[in-house]
Amino acid sequence: MSTKRLDKYLADAGIGTRTEIKSYIKKGFVTVNGEIAKKPDIKVDINTDDITFQNEPIELSLFEYYILNKPAGYVSATKDNTAPTVLSLIKSNRKDLFPVGRLDKDTEGLLLITNDGALSHKLLSPKRHVDKTYYAKIDGIVTPDDILAFEKGLEIGDEDLDIAMPAKLTILDSNEQENCSTVHITIQEGKFHQVKRMVQAIGKTVTYLQRVSFGPLQLPPELALGTFRSLTDEEINMLQKF
Ligand code: URA
């Protein structure tokens, strides 16, 4: 038997804030096993009790999965004292959400947010070699030799030896006059500042970075910067099977 307070159950199911839920219960909108619930603090069994809100059954999903188009200026953490976190962009009553891995504060693009620790662990495991593709603007002209250097694996350590695994660099555009390039870079690791350090290792600088894919997930073109949506069942299945 696994029990929860009724108001917590309804909050976790995304029905509203605790205050809103109290008022819904007062108004008689909530039933437990066919009876109108009278108090927010009664205990319900999350596996066996039938709970409805405005006559609709409420199923508590154990896990939530969101895809966020992260804007620059947000920290990929659950708490930070200096800047807003990516979680502040997710409208959910769940308190156990976290970002799967990290994007730098100035990096934009695809970030998965969930409370599914096992899935996150699997996706971040270095053994799994999950592809992550970034779109980058580079100060400097990227050359075919740079592509080969990425293919071989680059030394990206400052003082200690640190070799980045072979990665794929694709040149999208080069502008000789402005001395800049745009590229796609696909890596399978998640070392600190990895893409920026790899680009530095070929003597150039990243001026803009955006993650466009993570494993089987693509950044949806219609997902505006700073907005999020729930993953579809199909996307969740793809990640679970990955
Ligand atoms: N590589 C970086 O350098 N920064 C990121 O945010 C992600 C990958």
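The values are calculated or read from the model by the stated rules, or taken from the named source; none is laboratory data. Here the structure is a predicted model, which means the values were calculated and not measured. Cβ placement follows ideal geometry from the backbone for every residue including glycine, while neighbour counts extend to all protein chains displayed.
The residues listed here are L148, L209, L172; of these, the one that is surrounded by fewer than 13 Cβ atoms within 10 Å (Cβ to Cβ) and either modelled with pLDDT under 95 or closer than 19 Å to L110 by Cβ (or both) is L172.
Apart from one condition, I147 fits all of (1) under 30 Å from G28 (Cα atoms); (2) outside any loop (DSSP other than H, G, I, E, B); the exception is (1). Assess whether T182 counts as being at pLDDT 95 or above and under 15 Å from the mean Cα position of the chain (by Cα). Against the criterion (at pLDDT 95 or above and under 15 Å from the mean Cα position of the chain (by Cα)), T182 does not qualify. Scanning the stretch 86-97 finds one or more residues that are assigned by TED's automatic domain parsing to the domain that holds L231, within 16 Å of the ligand (Cβ to nearest atom) and buried (at least 17 other Cβ atoms within 10 Å of the Cβ). Looking at (1) closer than 20 Å to P221 by Cα; (2) in contact with a His (Cβ under 9 Å, 6 or more places away or on another chain), which one does I113 not meet, given that it meets all the others? Unmet condition: (2). Among the residues that make up the stretch 2-14, is at least one of them free of Cβ contacts under 8 Å to residues at least 24 places away in the same chain and in contact with a Ser or Thr (Cβ under 9 Å, 6 or more places away or on another chain)? Scanning the stretch 2-14, I find no residue that is free of Cβ contacts under 8 Å to residues at least 24 places away in the same chain and in contact with a Ser or Thr (Cβ under 9 Å, 6 or more places away or on another chain), so the answer is no.
Inspect all residues belonging to the stretch 84-93 and state whether any of them is among the polar types (S, T, N, Q), within 24 Å of M238 (Cα to Cα) and touching a residue at least 12 places away in the same chain (Cβ under 8 Å). Looking through the stretch 84-93, at least one residue is among the polar types (S, T, N, Q), within 24 Å of M238 (Cα to Cα) and touching a residue at least 12 places away in the same chain (Cβ under 8 Å).
Output the number of residues of the stretch 33-48 satisfying the condition of being in contact with a Leu (Cβ under 9 Å, 6 or more places away or on another chain) and within 29 Å of I236 (Cβ to Cβ). Summing the residues that are in contact with a Leu (Cβ under 9 Å, 6 or more places away or on another chain) and within 29 Å of I236 (Cβ to Cβ) in the stretch 33-48 gives 2.
Considering the stretch 1-114, the qualifying strands (runs of 3 or more DSSP E), each wholly inside and each with 1 or more residues that are of a type in the set (D, E, K, R) and modelled with pLDDT under 95, run over 3-5, 43-45. Filtered by the rule that a residue be away from the ligand (no atom under 16 Å from the Cβ) and assigned to a helix (DSSP H, G or I), the stretch 115-133 gives G117, A118, L119, S120, H121, K122, K127, R128.
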